[in-house]
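To keep things clear, I will list the structure first and then write my remarks on it.
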Amino acid sequence: MRFRVEGRNIVFDDGGMNLLSFDALRELHTIVRELRTGNRELLTLSFARSAGADMNEMVNFTPADAQRFSREGQELFADVERLPMLTVALIDGDCFGGALDLAMAFDLRFATPRSRFAHPGARLGIVTGFGGTSRWRKIMGRPAANALLLANRTMSAEEALAIGLVDRVASDHEDELERLETLDAATTRFIKELTVHSDSLTRSQLLLLANRLGELHFSR
């Protein structure tokens, strides 16, 4: 098992570099589907480091394998984005490639000072199929995205904080996580539903959605 659930936290630990192999993606996807229901206020994913996709596995992919691998990652990360509760990626070490794509699917990203961030596809001759080339739009500006995706910059935690890639840098995040758990779960879900659709709906549609969700929320 590469993932285990400990209370509110999904721990990613494969005993090595925490690689996102095909089996790892499917394993996490199963957990995400199981956790989709219920009244959790907060869900976190923590990992000490991750080099992203398993390159040793990828070199043997056929074109069909590569397409299935990409689709699995896209569907998983989209399901993470659609989780109704507040989600936080807890990063303690290198967060590279596909692991960064995964972290960007979470609502918030908390890092320790020793964490580093990079997307080495341009150096390796590959393009991420997990959505990293578009998901950055909700998180940071184009110059920062160009530095990561095109110029192959490796950023420190403080640099990532400065560009908005991470939301908090600290040696320990437990106090902040406990504060987040005190938020009203129903209201958080209400707000999140609106923000998820903010780019795809017109202002009028968003107002209709807000009214409908408000009716459902406040009638409880």
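The values are calculated or read from the model by the stated rules, or taken from the named source; none is laboratory data. All of these numbers come straight from a predicted model, not from anything done at the bench. Here the Cβ positions follow ideal geometry from the backbone for every residue, glycine too, while neighbour counts run over all protein chains shown. SASA here: full protein model, heavy atoms, side chains in, ligands and nucleic acids out. Shrake-Rupley method; radii C 1.70, N 1.55, O 1.52, S 1.80 Å.
Taken over region 24-64, the residue count meeting the criterion of being under 18 Å from the mean Cα position of the chain (by Cα) and in a helix (DSSP H, G or I) is 12. For V5, the requirement of being open to solvent by 50 Å² or more (accessible area, probe 1.4 Å), within 30 Å of T182 (Cα to Cα), among the β-branched types (V, I, T) and not in a loop (DSSP other than H, G, I, E, B) is met.
Just to be sure before I move on: is F77 touching a strand residue (DSSP E or B) at 6+ places or on another chain (Cβ under 8 Å) and open to solvent by less than 20 Å² (accessible area, probe 1.4 Å) in the structure I sent?
On the way: touching a strand residue (DSSP E or B) at 6+ places or on another chain (Cβ under 8 Å): no; open to solvent by less than 20 Å² (accessible area, probe 1.4 Å): yes.
For F77, the condition - touching a strand residue (DSSP E or B) at 6+ places or on another chain (Cβ under 8 Å) and open to solvent by less than 20 Å² (accessible area, probe 1.4 Å) - is not met.
Scanning region 106-141 for residues that are outside any helix (DSSP H, G or I), in contact with an Asp or Glu (Cβ under 7 Å, 6 or more places away or on another chain) and modelled with pLDDT under 95 returns T128, F130, G131. Taking the numbered list (1) farther than 23 Å from T188 by Cα; (2) out of contact with any Lys or Arg (no Cβ under 6 Å at 6 or more places or on another chain); (3) modelled with pLDDT of 95 or more in turn, P63 passes all entries but (3). Here is a check on your reading of the model: is D199 acidic (D, E), assigned to a loop (DSSP other than H, G, I, E, B) and either modelled with pLDDT of 85 or more or open to solvent by 50 Å² or more (accessible area, probe 1.4 Å) (or both)? Taking the combined requirement at face value, the residue satisfies it.
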